[in-house]
Amino acid sequence: MLSECDPPLPQRVLAWSIATAVGATLALAGCAPTSQADAPSGTAAGTHPVEHARGTAEVPAAPQRVVALEPVELDTAVALGITPVGAAVASNVAGVPDYLGVNGVQPVGTVPEPDLEAIAALKPDLILGTEARHSKLYEQLSAIAPTVFMQTQADPWQENVLLIGAALGQPDDAKALLDGFNERCDRIAEEFDVHGKTVNLIRPRDETTLSLYGPTSFAGSALECAGLTIPAREWEDGLQADLSPENILDATADYVLVTSADPADDATIPPAITQNRSAFPSVTLVDTSYWVSGVGPKGGDLVLDEIEAILETER
Amino acid sequence: MTVAAISRRRDALGGSRTGRARIWLGLLGLLGGLAIAIALSLTLGSNALPFGDVLDVLRGGGSPEARYVVEELRLPRTVTGLVVGAALGAAGALIQAFTRNPLADPGILGVNAGAALAVALGVAFLGMRDIAALVWLAFLGALVVTIAVYVVGSAGRGAADPIRLTLAGVALGAVCSGITTGLTLSDPEAFEHLRSWNAGSLLGRGFDVLLPVLPFVGIAVLGALLLAPGLNAVALGEDIARSQGANLAGIRIGVILAVTVLAGVATALAGPISFIGLMVPHVARWVFGVDQRRILPVSILLAPAIVLLSDVLGRLLIAPAEIPVGIVTAFVGAPVLIALARRAKASAPS
């Protein structure tokens, strides 16, 4: 089904003439409406060029029907006041994350495997994706609507927010959001003066692996910008370091944050920590949906809220 | 099968005095190897505790960190490795003898796929996250799918023969795996938690999970050993087996029951650990000959040693993190399997 809008190879046309004939009919049916919608908008005055990971796209000046394939794109769009019509989700079951506080965003497959048919059915006027994840889908996506790809979902994240702001026609607002985030961070650092205090953000993966988040990661950078220090270790790309439970005592810090799908449930603290409780004086469960997946200005604000609350109670 | 072939086989089954001495030596060697594997599993890990610290813990002392690492992590995972290994070794030997296929794997009856599907259903629809509860669910899944395989395989005329059971097992297993993959893809977040179970892991199964399944494994291993003489008769072909007075229906049901319990418990505890059930009985046959009365005990001793050594390797390779044991056994097993396949002539059943 993914190949519906794919231009068939010449050999394939010969060998699979019947199949491609059917496929072409489907392709026409599937792609015709959007390509018609595409043509006038390309010539109209209401578009602007956006440079991105795959070249330059002609994007409507004020996109109305946005589909976001990456969490940071969804978060940033919502933060800029544009509720996407569709978004790829981390989980088909959980759907669009609650923390965004938006309704009516249609899930269009999972982030690693977006559903092209569902995207086409929404008749978007702008699609936001990620080269590192959706590279192979670019041609098909841009046949549906103008498509802007950020290079990679890997942090640092703020560059991506600026690109998304440009694609949505609100570059200044995006810049203002980031400035607001960074200033708030600095204020927290000043207010609580936690200089020299250490913090570790732990994501329990499964029984064999605990992931620690580094200073370059989304939440890690927020923690450091709020004045806390993440102890040095060997990070993969500065983002993450995996530990076996055998080495849990390497993860001790003044503040230890543990990500959880259900932060109200203390049973979600991994046994490696509960069985060594004396080595972990301060353990706080935090919500995975924005501490890990909620990359963007909205998720960032919630992360700062919680950092503030944690520092407040432990002051 | 010619008369000459039968008499050759009888020679192989009988064993001379020197052959018997070699077997006792071999068993002693296996026990020694297993003891070494247990010792390594207790002393080595991604946390490079000094040997003295581990000894202190075993003597009842030690630092809190050493006590945690040895008592809470290495000891239970070692016992898990022993149980899982013995179960997989016995199940593999049984299924290879029963299907008379030296490349059969315990998963061929759909047991692993059934266990995995049950776990996936539990995670997706019941929101289960606790390994202790999932073990029983996995076991139930293994049981249900094996019964289904048996019913499908024995539908129509006559009793279920190994070929029809294998076909039914592979087919139903594929159906189960397809559904499992679908569930996993639709909710990657919930299933990420099960990453290590899916890859095969010995960590995190405490004694509270282990002890209740031990009697099942014990009885099934004993049953496997008792089935060995009957399986020797089956190896000669059904007609000859029948003429020798073997109770084919009894053997069949015994094997299916034992394989279900053994592979079901192993998969439930550790997830699908690949290659062990396939490789170990194969090596046992290669070294100790075609007598099931040797292959079974050898497999039961050799498999846990290999599981434990693979687990130790997985802890050391990417320290301070770990590689789940199932991935290591696949890496270790693949070359061994290729080597075995290349000398297929020597290990063909007859």
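The values are calculated or read from the model by the stated rules, or taken from the named source; none is laboratory data. Computed from a predicted model, the values in this text were never measured in an experiment. We place every Cβ from the backbone using ideal geometry, glycine too, and count neighbours over all the protein chains shown. When the accessible area is computed, the model is the full protein with side chains, heavy atoms only, and any ligands, DNA or RNA have been set aside. Shrake-Rupley method; radii C 1.70, N 1.55, O 1.52, S 1.80 Å.
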* Structure fact -> Checked pairs for segment A:185-210, first away from every other protein chain (no Cβ under 14 Å), second polar (S, T, N, Q) and open to solvent by 50 Å² or more (accessible area, probe 1.4 Å), C-beta under 6 Å and 6 or more apart or across chains, list as A:Thr198/A:Thr229
* Asked: Would you pick out the residues in segment A:193-203 that are at pLDDT below 90 and open to solvent by less than 40 Å² (accessible area, probe 1.4 Å)?
  -> A:Val194
* Asked: All but one of (1) within 30 Å of A:Ala61 (Cα to Cα); (2) buried (at least 22 other Cβ atoms within 10 Å of the Cβ) hold for A:Gly169; which doesn't?
  -> (2)
* To do: Could you tell me whether any residue of segment A:259-271 is within 14 Å of another protein chain (Cβ to nearest Cβ), touching a residue at least 24 places away in the same chain (Cβ under 8 Å) and of a type in the set (Gly, Ala, Ser)?
  => yes
* **Single residue of segment A:145-166 satisfying the filter (open to solvent by less than 10 Å² (accessible area, probe 1.4 Å) and of a type in the set (A, V, I, L, M)) that is farthest from the chain's Cα centre (by Cα)** => A:Ala145
* Structure fact -> The number of residues in segment B:230-284 that are open to solvent by less than 30 Å² (accessible area, probe 1.4 Å) and either of a type in the set (Gly, Ala, Ser) or under 20 Å from the mean Cα position of the chain (by Cα) (or both) is 35
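Conditions tested, residue by residue: (1) open to solvent by less than 20 Å² (accessible area, probe 1.4 Å); (2) within 14 Å of chain A (Cβ to nearest Cβ); (3) over 13 Å from B:Ile273 (Cβ atoms); (4) out of contact with any Phe, Trp or Tyr (no Cβ under 8 Å at 6 or more places or on another chain).
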| residue | (1), (2), (3), (4) |
| --- | --- |
| B:Gly92 | yes, no, no, yes |
| B:Pro106 | yes, no, no, yes |
| B:Asn112 | no, no, no, yes |
| B:Val123 | yes, yes, yes, no |
| B:Gly127 | no, yes, yes, yes |
| B:Ala142 | yes, no, yes, yes |
| B:Val145 | yes, no, yes, yes |
| B:Val149 | yes, no, yes, yes |
* Just to be sure, is A:Asp179 acidic (Asp, Glu) and more than 14 Å from every other protein chain (Cβ to nearest Cβ)? -> yes
* **Qualifying positions in segment B:33-67 - crowded, with 20+ Cβ neighbours inside 10 Å, within 12 Å of chain A (Cβ to nearest Cβ) and among the hydroxyl-bearing types (Ser, Thr, Tyr)** => B:Ser46
* Asked: Residues that are touching an Asp or Glu at 6+ places or on another chain (Cβ under 6 Å) and surrounded by 24 or more Cβ atoms within 10 Å (Cβ to Cβ): which helices (runs of 4 or more DSSP H) entirely in segment A:218-315 hold 1 or more of them?
  -> A:218-225, A:297-313
* Quick check: anything in segment A:227-242 in contact with a His (Cβ under 7 Å, 6 or more places away or on another chain), at the interface with another protein chain (Cβ under 10 Å from one of its Cβ atoms) and within 24 Å of A:Ile269 (Cα to Cα)? -> no
* **Residue list for segment B:130-140, filter: modelled with pLDDT under 85 and surrounded by 17 or more Cβ atoms within 10 Å (Cβ to Cβ)** => B:Ile131, B:Leu134, B:Val135
* Asked: So which of B:Ala220, B:Ala155 is out of contact with any His (no Cβ under 6 Å at 6 or more places or on another chain), open to solvent by 50 Å² or more (accessible area, probe 1.4 Å), farther than 19 Å from B:Ala113 by Cα and not acidic (Asp, Glu)?
  -> B:Ala155
* Report the residue count in segment B:285-333 for those that are open to solvent by 40 Å² or more (accessible area, probe 1.4 Å), in contact with a Phe, Trp or Tyr (Cβ under 8 Å, 6 or more places away or on another chain) and within 17 Å of B:Pro102 (Cα to Cα). => 1
* To do: Kindly provide the set of residues from segment A:82-100 that are more than 13 Å from chain B (Cβ to nearest Cβ), in contact (Cβ under 8 Å) with a residue 60 or more places away in the chain and open to solvent by 30 Å² or more (accessible area, probe 1.4 Å), ordered by number.
  => A:Asp98, A:Tyr99
* To do: Please tell me if B:Leu82 is open to solvent by 20 Å² or more (accessible area, probe 1.4 Å) and either of a type in the set (D, E, K, R) or at pLDDT below 90 (or both).
  => no
* Selection from segment A:59-81 of residues that are closer than 19 Å to A:Ser142 by Cα, surrounded by fewer than 22 Cβ atoms within 10 Å (Cβ to Cβ) and touching an Asp or Glu at 6+ places or on another chain (Cβ under 9 Å) -> A:Pro60, A:Gln64, A:Arg65
* Asked: Any idea which of (1) without any contact (Cβ under 8 Å) to a residue 40 or more places away in the chain; (2) part of a loop (DSSP other than H, G, I, E, B) is the one A:Pro124 doesn't satisfy?
  -> (1)
* To do: List every residue pair whose Cβ atoms lie under 8 Å apart, where the two residues are 6 or more positions apart in sequence or sit on different chains, the first residue falls within segment B:315-330 and is over 11 Å from A:Ser244 (Cα atoms), and the second residue, located anywhere, is in a loop (DSSP other than H, G, I, E, B) and not small (Gly, Ala, Ser).
  => B:Leu317/B:Ile323; B:Val325/B:Leu202; B:Val325/B:Ile273; B:Gly326/B:Pro272; B:Gly326/B:Ile273; B:Thr329/B:Ile273; B:Thr329/B:Phe275; B:Ala330/B:Phe275
